[in-house]
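Here is the structure we will look at, set down as structure tokens.
The values are calculated or read from the model by the stated rules, or taken from the named source; none is laboratory data. Nothing here was measured: the structure is a model prediction, and the numbers come from that model. Using ideal geometry, Cβ is built from the backbone for each residue, glycine included, and neighbour counts are taken over all protein chains shown. What goes into the accessible areas is simple: the full protein's heavy atoms, side chains included, and nothing from ligands, DNA or RNA. Shrake-Rupley method; radii C 1.70, N 1.55, O 1.52, S 1.80 Å.
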Amino acid sequence: MKIKPILLLCFLSSTLMFSQEKQNQFSLQEAINYALENNKTIKNADLDILAAEQQVWETSSRGLPQINGAVNYNFNAVRAFDPEPGDVFGFIFPKHQVTPSVTLNQLIFDGGYIVGLQSNKVFLDISKNAKDKTVNTIETTVISAYNNALLTKESIGITKNNIKVLSDNLEETKKIFENGLTEEEDVEQLQLTLSSLENNLRSLETLSEISKGYLKILMGLEQSETIELTDSLESLVVENISLNLISDSHSVSNNIDYKIAANDAESKRLEYKLEKSEQLPKVNAFLTSNYLGISESFGNYFEAQQEWFFTTSTGLSITFPIFTSFGGKAKRQRAKIEWNKAKNSLIDTENQLSLEFKNVKNEYQLAIDTYNNKQKNLALAEKIEKKNTIKFKEGVAGSFDLRQAQMQLYNSQQEYLQAIINVINKKAELKNLLNIQN
């Protein structure tokens, strides 16, 4: 059976549209994974690691054989005499002289080079730790941005539902007022509450686009693309309550800031060691091979009969400092001072992180307790609002009491959502501090 081209085109178009739509639907974890692959700051951190690897090779290559070629040309434009052919002075003072050569240099010993090799690992670790810090920061920021966008989305849904319920109550109250069974103030109170909700809805809809736009930037998406958040705050809060993070002990040394401080201390130690190595001699070996060609005419160099004299020389070069007017000593002392400062900073970082661990764990526990409290308060607020609505319809409660119960419910709804956000964000902050990857 043949498929008509128009049907095939429609099928492919719908498939493409479906795949694009599916691609732009993100759970929180999918948003994090997408950001880790496409965020521009993380990509630059990857490039920094590649650059560091090249610099490591650049440092290592200094100790490997170096081969250089050269061609020297001399033209004696003015001579006191013109030597006869075969005259020895014609060889010593030729009119044209060309010397192509190849030189092999090999480092035999250099204390600075040895320290440089030891520094390679530290230098590469610095770049990798910088990337890990960037990843942790971006991940935490994406979680916060996703949650804020989700908070706005769910607030819009709740507000729209509140507006619908309130609008129905308002229409019903208007009919009761028209029949003379209630006061005009009851209608006005409901209208006042409804107007406040509608203004809040417009504000949330504007905020929704802004929060999604910020999330797109973090994820590396274009602003023209549309995204849909598939998680709900209530499902996320269940996943993000982890008491083990609070009860378990964690080593400060696993924290990225501690690792960076340790890298800095180690690099300062190696800088001090480098300055000390400058007191040692440097030994280089060389091997040079060259051809010497002399001629009274430059054109002869392109002739087959041109004579070339081959020579090879080899040797060693040894250099060592004798007196530097105490400049070398000053450099060593300064490097040692910087090393001591870095060690002090490492101790301060360790102490600060230990205190921060306790603080963030306490904040995380408080966020969980607050969430449980706000969940109970929301249930009570819903119950109170429902009772006051029934009382209002039965004429037992006034519109002011109903409005007060409604505002209490609306506040409880927002406090409940915000409590969920705090649990998720505090867990992300704690995982960042502990350097725990998803």
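Scan region 296-311 and give yes if some residue there is modelled with pLDDT of 90 or more and of a type in the set (D, E, K, R), otherwise no. For region 296-311, residues modelled with pLDDT of 90 or more and of a type in the set (D, E, K, R): absent. For Glu228, the criteria (1) open to solvent by 90 Å² or more (accessible area, probe 1.4 Å); (2) farther than 13 Å from Leu166 by Cβ hold in every case but one, which is (1).
If you check Asn372 against the conditions, is it of a type outside the set (Asp, Glu) and either open to solvent by less than 80 Å² (accessible area, probe 1.4 Å) or within 30 Å of Lys426 (Cβ to Cβ) (or both)? So Asn372 passes the test.
Based on this model, can you work out whether Gln333 counts as assigned to a loop (DSSP other than H, G, I, E, B), open to solvent by 90 Å² or more (accessible area, probe 1.4 Å) and of a type in the set (S, T, N, Q)?
Working: assigned to a loop (DSSP other than H, G, I, E, B): no; open to solvent by 90 Å² or more (accessible area, probe 1.4 Å): yes; of a type in the set (S, T, N, Q): yes.
The answer is no for Gln333.
Annotation: of all residues in region 317-343 being touching a Phe, Trp or Tyr at 6+ places or on another chain (Cβ under 8 Å) and hydrophobic (A, V, I, L, M, F, W, C), the one that is farthest from Gln97 (Cα to Cα) is Trp339.
Quick one: which residue in Ile260, Ile246, Ile256, Ile294 is touching a Lys or Arg at 6+ places or on another chain (Cβ under 6 Å) and buried (at least 16 other Cβ atoms within 10 Å of the Cβ)? Step through it out loud before you land on a result.
Working: Ile260 fails: touching a Lys or Arg at 6+ places or on another chain (Cβ under 6 Å); Ile246 fails: buried (at least 16 other Cβ atoms within 10 Å of the Cβ); Ile294 fails: touching a Lys or Arg at 6+ places or on another chain (Cβ under 6 Å).
One residue alone meets the criteria, Ile256.
Every listed requirement among (1) more than 29 Å from Ala130 (Cα to Cα); (2) at pLDDT 85 or above; (3) more than 36 Å from the chain's Cα centre (by Cα) is met by Lys276 save one, (1). Of the numbered criteria (1) touching a residue at least 40 places away in the same chain (Cβ under 8 Å); (2) more than 29 Å from Lys426 (Cα to Cα), the one Asn240 fails is (2). Criterion first (in contact with a Phe, Trp or Tyr (Cβ under 7 Å, 6 or more places away or on another chain), modelled with pLDDT of 90 or more and surrounded by fewer than 17 Cβ atoms within 10 Å (Cβ to Cβ)) does Val238 satisfy it? No: the conditions fail for Val238.
Listed residues Ser249, Ser195, Ser208, Ser155; which is part of a helix (DSSP H, G or I), without any contact (Cβ under 8 Å) to a residue 24 or more places away in the chain and on the phi < 0 side of the Ramachandran plot?
Numbers: Ser249 fails: part of a helix (DSSP H, G or I); Ser208 fails: without any contact (Cβ under 8 Å) to a residue 24 or more places away in the chain; Ser155 fails: without any contact (Cβ under 8 Å) to a residue 24 or more places away in the chain.
Selected residue: Ser195, the only one of Ser249, Ser195, Ser208, Ser155 that is part of a helix (DSSP H, G or I), without any contact (Cβ under 8 Å) to a residue 24 or more places away in the chain and on the phi < 0 side of the Ramachandran plot.
Filter region 45-63 down to the residues that are open to solvent by 60 Å² or more (accessible area, probe 1.4 Å), within 29 Å of Leu104 (Cβ to Cβ) and touching a residue at least 40 places away in the same chain (Cβ under 8 Å) and list them by number. Glu53, Gln55, Arg62, listed by residue number. Take the conditions (1) open to solvent by less than 70 Å² (accessible area, probe 1.4 Å); (2) modelled with pLDDT under 90; Ile32 misses just one of them, which is (2). Number of residues in region 201-210 that are touching a helix residue (DSSP H, G or I) at 6+ places or on another chain (Cβ under 6 Å) and either farther than 27 Å from Ile158 by Cα or surrounded by fewer than 19 Cβ atoms within 10 Å (Cβ to Cβ) (or both): the value is 3. Scanning region 135-175 for residues being closer than 14 Å to Ile32 by Cβ and not small (Gly, Ala, Ser) gives a total of 12. Taking the listed residues Glu415, Glu394, the one that is among the charged types (D, E, K, R), in contact (Cβ under 8 Å) with a residue 40 or more places away in the chain and either closer than 24 Å to Lys153 by Cα or surrounded by fewer than 17 Cβ atoms within 10 Å (Cβ to Cβ) (or both) is Glu415, with no other qualifying.
For region 163-179, the condition holds for at least one residue, the condition being that it is modelled with pLDDT under 95, open to solvent by 50 Å² or more (accessible area, probe 1.4 Å) and of a type in the set (S, T, N, Q).
Does Pro100 satisfy being open to solvent by 30 Å² or more (accessible area, probe 1.4 Å) and modelled with pLDDT under 65? Here the answer is no, as Pro100 does not meet what is asked.
Which of the residues spanning region 297-330 are part of a helix (DSSP H, G or I), of a type in the set (Phe, Trp, Tyr) and surrounded by 12 or more Cβ atoms within 10 Å (Cβ to Cβ)?
Filtering region 297-330 down to residues part of a helix (DSSP H, G or I) leaves 298-302, 327-330.
Retained after the next criterion (residues that are of a type in the set (Phe, Trp, Tyr)): 298, 301-302.
Answer for region 297-330, where residues must be part of a helix (DSSP H, G or I), of a type in the set (Phe, Trp, Tyr) and surrounded by 12 or more Cβ atoms within 10 Å (Cβ to Cβ): Phe298, Tyr301.
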